[in-house]
Structures are given as structure tokens and as C-alpha cells.
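The values are calculated or read from the model by the stated rules, or taken from the named source; none is laboratory data. Keep in mind the model is a prediction, meaning the values are calculated, not measured. Don't worry about glycine lacking a Cβ; one is built from the backbone with ideal geometry, like all the others, and counts go over all protein chains shown.
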Amino acid sequence: MKIILLGPPGSGKGTVSDQLSQDFSLLHISPGELLREEVQKGTSIGKKIKTVINEGKLVPAQFVVEMVKLEVEGTKDYILDGFPRSVDQAKLIDDLPIDRVISLEVNEEDVITRLANRRVCSRGQHSYHLTIIPPKNEGVCDVDGTPLVRRPDDDPKIIKERFKVFRRETEPVIAYYQQKGILTSIDASKNPKEVYAAVKKIVFNIK
Ligand code: AMP
């Protein structure tokens, strides 16, 4: 199964992707995470893209597309989390077979509150919400035991910019896949359990 998960910042793409990958052995590919890793490692690419990410803008399409194509090579089942983010990127992966595209829908006010409460582990791979999905021990990642931090781009001003970028660049991608007849939209303002149940029903017809 090859799935694309789209949605504005804070719509729960990462949480749903993590669950799907655990329950159904799908490879979870998150370009956002891969890019943050480059920044964290301080690679030459990481240094170039750090400001772009921290300002909530998009990293150049060609680079992200190449990175994703390398990741999916030889993989049968995967989930692309927050990719493609522009119609340019979507056209560049038209050669990849995709079974279903899911669009998680939430409004901007809900997202600002959600992201204000989001904390991620210092390694950047696990995400929590201080009240809805809290860690077992306050301030510490359940999996890595590393301290939980706030992402630099979860600042309210940057969230507004990320939302603007989403409207301008990514909403047309939703229309692009709608025209292909493989898109389903889900109300992602509900609690994480309900959202995940809706996704499973669409992807695997499981209740
Ligand atoms: P995310 O973790 O998906 O919220 O992404 C965090 C940041 O990484 C975004 O605000 C962009 O700067 C960058 N990014 C993630 N995915 C893409 C993509 N498909 N194309 C370009 N930039 C991306």
C-alpha cells in the first residue's frame, strides 16, 4: 500500500503516519524529519536549509523529491508524510504508484493551539501534545528518554507563515489528486483515536 498524507501544519500527519507504520509495517517517510536531521547533523545541506525551515518556507522541490525517491526505492509499502507539498513536487513524482491520498482537515485557530502544546523529542522523531498525548514522564520522550523540546518553527508567527505556504502551495496539490480520483478528506479536528479510525477505514477498510 502506497499512501500520501497531506494536511496543514499540526493536522496530525506525523501521529497518524507513526501509527500506520507501526500497525501495518509501512515505511514512514517524513521529508520534514529527514530535513531536520540534516540541520541537526550540521551537514552542508543542513546549513543551507536551516533558515528556510525555521522561517516556515519550503525547501527547493528538486532536492526534496530526490531525497524521497531514494527513500522509496525498492520499498513496497510506504506512507509519504507531508509530501508532495507543491504541484511541482507532485508532478515530479507522477511516476511513483500511489494508491490513496488522504487530506487531514483542520482550521488555523485549532492548529495554533495544538502546536503551542506540541513537544518533540530532542532527536526529533517522536511528537507529544502536553494534554492530549502527554509523555509518561513529564518533559521526557517515552521512547528515547531524551528531553522534550519545542520545534523552532512552532512559534505562532512562523505557524502563520507555514499556514500561508500550505494555502498557496499545498492546497492545489489536494485539488491535483482530487482530479485523479484518489483523494479522501478527513475531519482531523477530532481526537487522535477518531482520526486514526477514519484513516484506517479509508485505507484498509478496517473499523
Ligand atoms: P513538517 O515536519 O512536515 O512540518 O516540515 C517542516 C519543514 O520542513 C517545512 O516547514 C519545510 O520547511 C520543510 N519541508 C517538509 N516537507 C517539505 C517538502 N515536501 N517540500 C519542501 N519543504 C519541506
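Of Gly10, Gly42, which residue is on the phi > 0 side of the Ramachandran plot and within 15 Å of the ligand (Cβ to nearest atom)? I'd like the intermediate steps shown before the answer.
Values: Gly42 fails: within 15 Å of the ligand (Cβ to nearest atom).
Within the list Gly10, Gly42, the selection yields Gly10.
Among the residues of the range 181-199, count how many are without any contact (Cβ under 8 Å) to a residue 12 or more places away in the chain and at negative phi.
4
Go over the candidates Val87, Val68, Val52 one by one and state the one that is crowded, with 18+ Cβ neighbours inside 10 Å, at pLDDT 95 or above and over 21 Å from Tyr128 (Cβ atoms).
Within the list Val87, Val68, Val52, the selection yields Val68.
Go over the candidates Leu58, Leu80, Leu104, Leu70 one by one and state the one that is near the ligand (Cβ under 10 Å from one of its atoms) and not in a loop (DSSP other than H, G, I, E, B).
Leu80
Any idea which of (1) surrounded by 16 or more Cβ atoms within 10 Å (Cβ to Cβ); (2) at negative phi; (3) not polar (S, T, N, Q) is the one Asp94 doesn't satisfy?
(1)
Mind checking which residues of the range 34-72 are touching a residue at least 60 places away in the same chain (Cβ under 8 Å), of a type outside the set (A, V, I, L, M, F, W, C) and within 20 Å of Val165 (Cα to Cα)?
Scanning the range 34-72 gives Arg36, Asn54, Glu55, Gly56, Lys57.
Among Asp23, Asp94, Asp18, which is the only one that is more than 20 Å from Lys201 (Cβ to Cβ) and among the charged types (D, E, K, R)? Can you show your working first?
Values: Asp23 fails: more than 20 Å from Lys201 (Cβ to Cβ); Asp18 fails: more than 20 Å from Lys201 (Cβ to Cβ).
The conditions single out Asp94.
Just a yes or no: is a residue in the range 19-29 within 12 Å of the ligand (Cβ to nearest atom), in a helix (DSSP H, G or I) and surrounded by 14 or more Cβ atoms within 10 Å (Cβ to Cβ)?
No, there is no match, as no residue in the range 19-29 is within 12 Å of the ligand (Cβ to nearest atom), in a helix (DSSP H, G or I) and surrounded by 14 or more Cβ atoms within 10 Å (Cβ to Cβ).
Test of understanding: among Arg119, Arg123, Arg162, which residue is of a type in the set (D, E, K, R), closer than 24 Å to Ala61 by Cβ and under 18 Å from the mean Cα position of the chain (by Cα)?
After ruling out the rest, the residue left standing is Arg162.
One line per residue, one yes/no per condition, for (1) among the polar types (S, T, N, Q); (2) modelled with pLDDT of 95 or more; (3) surrounded by fewer than 13 Cβ atoms within 10 Å (Cβ to Cβ); (4) assigned to a helix (DSSP H, G or I):
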position: Thr170; (1), (2), (3), (4): yes, yes, no, yes
position: Ile174; (1), (2), (3), (4): no, yes, no, yes
position: Gln178; (1), (2), (3), (4): yes, yes, no, yes
position: Lys190; (1), (2), (3), (4): no, no, no, no
position: Lys193; (1), (2), (3), (4): no, no, yes, yes
position: Tyr196; (1), (2), (3), (4): no, yes, no, yes
position: Val199; (1), (2), (3), (4): no, yes, no, yes
position: Ile202; (1), (2), (3), (4): no, no, no, yes
position: Lys207; (1), (2), (3), (4): no, no, yes, no
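Can you tell me which residue within the range 30-39, out of those that are under 15 Å from the mean Cα position of the chain (by Cα), part of a helix (DSSP H, G or I) and within 10 Å of the ligand (Cβ to nearest atom), is surrounded by the fewest Cβ atoms within 10 Å (Cβ to Cβ)? Step through it out loud before you land on a result.
Within the range 30-39, the subset under 15 Å from the mean Cα position of the chain (by Cα) is 30-37.
In the following step, the residues that additionally are part of a helix (DSSP H, G or I) were identified as 31-37.
Next cut, within 10 Å of the ligand (Cβ to nearest atom) only: 31-36.
Values: Pro31: 21, Gly32: 20, Glu33: 18, Leu34: 16, Leu35: 21, Arg36: 22.
Going through the qualifying residues, I end up with Leu34.
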